[in-house]
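The values are calculated or read from the model by the stated rules, or taken from the named source; none is laboratory data. All values derive from a computational prediction rather than experimental measurement. Neighbour counts run over all protein chains shown; Cβ positions are idealised from the backbone, glycine included. Note: areas computed on protein heavy atoms with side chains; ligands, DNA, RNA excluded. Shrake-Rupley method; radii C 1.70, N 1.55, O 1.52, S 1.80 Å.
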Amino acid sequence: MREILLIVHILAAAAWIGLNLAQFVFVPRLVRAGNDAAAAWMGAFVDLGRVYNTPAAIVILASGVGLVIDSAVYEFEHVFVVIGVVMVIIGGVLGARVYAPRGRAAQAAYISDDQGAAQTATEGIIRIGAIETLLLVVTVVAMVNRWGA
C-alpha cells in the first residue's frame, strides 16, 4: 500500500509543478497572440485551479497523510511533513485569494482591451507563480531528504 500511496503522492505533486511550469511557457506566448488568446487562457487558468490544482492538492494531502499513518518511522511533527502540509495550505490560499481573482481580472482586462490592467494582473500571476514554484521545489527537496526525520 505504501508504494501506491507514494506513487500517487509523487504524481499529484508532479501535476501541480507541471502546470506551474507550463504557465511560464504558455502565458507569454498567448499574450503575444493577442487579447482573445490571452483572455481564453486566463479563463482556462481560473478553471484549472478548480478542476486540476485543487484535486491535485487534495490527492497530495490525502496520500501524504496516508503515508505518515502507514509509517512506523515518520510522524506528523517531522519538518518535511509540516512543510508539505503548509505548502498545500499556501497553494489553496493562493488559488482562492490570488490566482482566481487575478485570473478573472486579467481575463476581463484582455476582453475590454485594457492593456495596463491586463499586464498588471498577468505579471502578478507570473510573479506569485514563480514564488510558489520555488516553494514547491523546496518542498520536494524537503520530502526527498526527509528534513527533520
Exercise. Of the residues that make up region 54-62, is at least one touching a residue at least 24 places away in the same chain (Cβ under 8 Å), closer than 22 Å to Ala109 by Cβ and part of a helix (DSSP H, G or I)?
Worked result: no
Exercise. Hey, does region 14-28 have a residue that's open to solvent by 80 Å² or more (accessible area, probe 1.4 Å) and without any contact (Cβ under 8 Å) to a residue 12 or more places away in the chain?
Worked result: no
For this session: Within region 44-67, count every residue that is buried (at least 17 other Cβ atoms within 10 Å of the Cβ) and either of a type in the set (A, V, I, L, M) or farther than 13 Å from Gly95 by Cα (or both).
Result: 11
Exercise. For Ile10, all conditions in the list (1) within 15 Å of the chain's Cα centre (by Cα); (2) open to solvent by 50 Å² or more (accessible area, probe 1.4 Å); (3) farther than 23 Å from Gly148 by Cβ hold save one; what is the number of the exception?
Worked result: (3)
Exercise. All but one of (1) open to solvent by less than 40 Å² (accessible area, probe 1.4 Å); (2) closer than 18 Å to Val25 by Cα; (3) not acidic (Asp, Glu) hold for Gln119; which doesn't?
Worked result: (1)
Exercise. With respect to the numbered conditions (1) modelled with pLDDT under 95; (2) more than 30 Å from Ser112 (Cβ to Cβ), which one is the sole condition not fulfilled by Leu67?
Worked result: (1)
Seminar exercise, completed: Sole miss for Leu94 among (1) open to solvent by 50 Å² or more (accessible area, probe 1.4 Å); (2) in contact (Cβ under 8 Å) with a residue 12 or more places away in the chain; (3) assigned to a helix (DSSP H, G or I) is condition (1)
Exercise. Taking region 97-115, which residues are outside any helix (DSSP H, G or I) and open to solvent by 90 Å² or more (accessible area, probe 1.4 Å)?
Worked result: Asp113
Exercise. Say we look at region 68-78 and pick out the residues that are open to solvent by 70 Å² or more (accessible area, probe 1.4 Å) and among the β-branched types (Val, Ile, Thr); which of these is nearest to Asn35 (Cα to Cα)?
Worked result: Ile69
